[in-house]
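> Got a structure for you, questions after.
Rule-based calculations on the coordinates, nothing more; no lab input. Given the structure is predicted, the values throughout are model-derived calculations rather than measurements. Neighbour counts are summed over all protein chains in view; Cβ atoms, including those assigned to glycine, are modelled from backbone coordinates with ideal geometry.
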Amino acid sequence: MSKNTPLPASYRWRVASRSVAAIFGGYALAAAWAASMSLWLQQTGMSRVDAVTTATMSSFVVHLCAALWVFAVASTRRAWLGIVLSTALLAALTWLARAGAGGAA
Amino acid sequence: MRPDGKPEGIRQSMSWLHTWTGIVLGWLLYAVFFTGTLSYFLDEVNLWMKPELHASVPGADAAQTAAVALAGMQKLAPAANTWTLEMPNERQTTVSASWRDRNAAAGRAGTKRAELDAATGEKIEARETRGGNFLYRFHFELHAMDRATGRWIVGIATMFMFVAIISGVITHKKIFTDFFTFRPKKGQRSWLDAHNATAVLALPFHIMITFSGLLLLMAMLMPWGAEIAYDGDRQAYNMERRGMVAGAQQQREGEGKEGREGRGGRSRGGAADAAPVDLAAAIGPMMAQARNAWPEHAVGRITVNRPNKPGATVELRAHGSDSLTTRGASERLVFDAATGKIKERPPLPTPSAASAVGNVFASAHMGRFAGPAVRWLLFLSGVVGTAMVATGLVLWVVKRAPERRKLGRTPFGHRVVEVTNIGVITGLALATGAYFWLNRLLPVEMAERAAWEINGFFLAWLAALVHAALRPARSAWKEQCIAIVVLFVLLPIVNPVTGGHGLFTSIPLGQAGIVGFDFAMLAIAALFGWIARHLVRKDRPVAQVVPAPLKEVTP
């Protein structure tokens, strides 16, 4: 795409915005996945150490998919929205699992 | 991502992502791939860089070697609490001994080490060098910064690499036809073909090595699961995880094993009578029992707990493991030293599904399980991976050649990428060659010797970068390639001249480790020689041979 015409500033901003969404947003999403799955997999009867290992190993795939999705989706706004909403959902699930565990104990 | 905001397909957006994740961290990834690939020969590099160890040639009888080594330990460290002997094997000529004194500091700090001649049991004084461990460490924690920082930088680069690989796969709809397509001498087209071919050829390796690299660093990169499930006690998680693979991962770590085995010896061994045992005499029958217990495996390690004290035990551990899921755990026999009877036959650990998966990735990444054939396959896959990163970096420059011609000048950014490409791709190989040469040329008694080998590595690297900046790109490539060939092709000759065992000695003696290093050096020389020959023959600017416009690669 590098023609002689300079790239418009708005384009550069969109790229920067998506990069932030992919790198940091994707990491936040993966972290929320690792945390929530570490708790929820225990509900399926998996031991604590295995739940954490499984959740953590798979979180890298989550980060990857998030980064790919951020750059594949049509609009920057939708990219951000998707990352923020799914991170929030997983964070809520984490909170829920903790609250449940706390209530039971 | 298109500047004009027009809609685009998934492949175009992935192509964009692939180019930019690639160039941002490509140089770092090249260095990681290059030094990591050499680390498949870590033991061989360590052995080569201590030529004093080459003269140690074990006899055919392993029991005899064990007896001699134990007699050596009796002279060297009679009062120690534990002795650990790594027996010679196809990658190691000596007996690697380590021991811990009674009030030794915990972990590595309290462990003393020596190399024993496998035939005589005498201690060998080897030159001071970091050896292959420097290259191995560099590949995941860099240098001249604290370990955590280096690991973070490499970890982040690995995450980018993962994105670059998968987006690269999505970019290629014709991924398998591309693999069989090579259009040589067509400038950009050829570079793209080369990049595709190297990427597709070893794709399973690339995905495995990148993902497993992330898993090896995962406790640092992604601690949040452990953090929340263990209420912030990450240590507890790590302990539980390691507990599942009891006995594994000790080969190089040296931590933990003394504690565990030492405890076993103390708690169970109190009843035996007080007369010290002549271990050198007692080891023969034990070795014979081990040979019966595991006929396929040699004895890899001998651990003596409480030598010369009541209740001494001798543990024999099999060399090599049949299983990837246990991360190298192998069978063990524990003998009562006084009676020579088997006291314990600890079962192999059976990991859970989750840790088995993790262990398979870790084993595959490090290749510690691998015999010579698999090790060479991993090494060649690493070479292909290194070439993939390199061709990708070069492609970035070549692709912009038409733009340069149209402008009639070289934009500063393009020149920076071009110079850095040379300084990193051939520069790192030059630095590594210089490192091996310095290992043999610096005086053995020099102060700070090991540090100067490493300083020499970085000085040579810097010189390559400066050279790349001062010369026209094409000449710089050519000259550095030729220099690499000269450095590496001479190493098998430098080796015997400076005290090591050259190929004429090492091949008849069957010293596979030394032979392997020399052949790996010749392989590297051949690879760069092939590139140099190509550059010399077709000595005209790449820009002139760029063919007709390309349709498939417009991002």
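> About its Cα centre, how strong a charge dipole does the protein assembly as shown have in debye, to the nearest 20, once Lys and Arg get +1 and Asp and Glu get -1 at the Cβ?
That gives a dipole near 2600 debye.
> Now, a different point. Using alpha carbons only, what's the Rg to Rh ratio of the protein assembly as shown with Rh from Kirkwood?
We get a ratio of 1.01 for the protein assembly as shown.
> Distance check, please: which entries in B:50/B:112; B:406/B:478; B:309/B:343; B:112/B:343; B:112/B:309; B:50/B:123 exceed 22 angstrom between their Cα atoms?
In this structure, B:406/B:478; B:112/B:343 lie more than 22 Å apart at Cα.
> Same structure, new question: Quick one: net charge of residue B:422's neighbours, Cβ under 12 Å, K/R +1, D/E -1?
Local net charge: +2.
> Ok, one more. Distance from a point 7 Å along Cα→Cβ of residue B:536 to each backbone N in segment B:480-518: keep the residues under 17 Å and list them by number.
What the label zone holds, given the 17 Å backbone N cut-off, is B:480-490.
> Can I ask one more? Rounded to the nearest 500, what is chain B's calculated 222 nm mean residue ellipticity when only DSSP H runs of at least 4 contribute -39500 (n - 2.57) each, over all residues?
Using -39500 (n - 2.57) per qualifying helix, the result is -19500 deg cm²/dmol.
> Please work out the C-alpha center-to-center distance from segment B:104-123 to segment A:48-105 and express it in whole Å.
For segment B:104-123 versus segment A:48-105, the Cα centre distance is 48 Å.
> OK, next. Could you give the C-alpha radius of gyration of chain A expressed as a fraction of 2.2 N^0.38 Å, taking N as the number of residues it contains?
For chain A, the normalised Cα radius of gyration comes out at 1.36.
> Something else now. Can you tell me the convex hull volume per residue for segment B:410-540, based on C-alpha atoms, in Å³ to the nearest whole number?
Expressed per residue, the convex hull around the Cα atoms of segment B:410-540 is 112 Å³.
> Counting every Cα pair in segment B:31-110, what percent are over 14 Å apart?
Roughly 70 percent, rounded to a whole number.
> Just to be sure I understand the model, the point goes 7 Å from the Cα along the line to the Cβ. What's the resulting residue B:526 to residue A:16 distance in nm?
5.1
> Hey, another quick one. Put +1 on the Cβ of each Lys and Arg and -1 on the Cβ of each Asp and Glu in chain B; which of B:16, B:92, B:466 then has its Cα farthest toward the positive end of the dipole?
Among B:16, B:92, B:466, the one farthest towards the positive end of the dipole of chain B is B:16.
> With just the Cα atoms of chain B, tell me how far they stretch along each of the three principal axes, in Å, largest first.
Cα extents, longest axis first: 90, 58, 40 Å.
> What does the extension gain come out to for residue B:415 and residue B:123, with contour length at 0.36 nm per residue minus their alpha carbon separation?
Contour length minus the Cα-Cα distance gives 99.7 nm.
> Once R0 is set to 45 Å, what does the formula 1/(1 + (r/R0)^6) return for the Cβ-Cβ distance between residue B:493 and residue B:462, expressed as a FRET efficiency to the nearest 0.05?
Taking R0 as 45 Å, the efficiency between residue B:493 and residue B:462 is 0.95.
> Which value in deg cm²/dmol, rounded to the nearest 500, describes the helix-derived mean residue ellipticity at 222 nm for chain A, given -39,500 (n - 2.57) per DSSP H run of n ≥ 4 and division by the residue count?
Values: 4 runs with 84 residues, N = 105.
Helices in chain A give a 222 nm mean residue ellipticity of -27500 deg cm²/dmol.
> Right, something else. Where nothing but the Cβ of Lys and Arg (+1) and of Asp and Glu (-1) is charged, how large is the charge dipole of segment B:410-540 around its Cα centre, in debye to the nearest 20?
640
> On to the next question. Which of the listed residues, A:97, A:26, A:15, is farthest toward the dipole's positive end in chain A, when Lys, Arg count +1 and Asp, Glu count -1 at the beta-carbon?
Going by the charge dipole, the pick is A:15.
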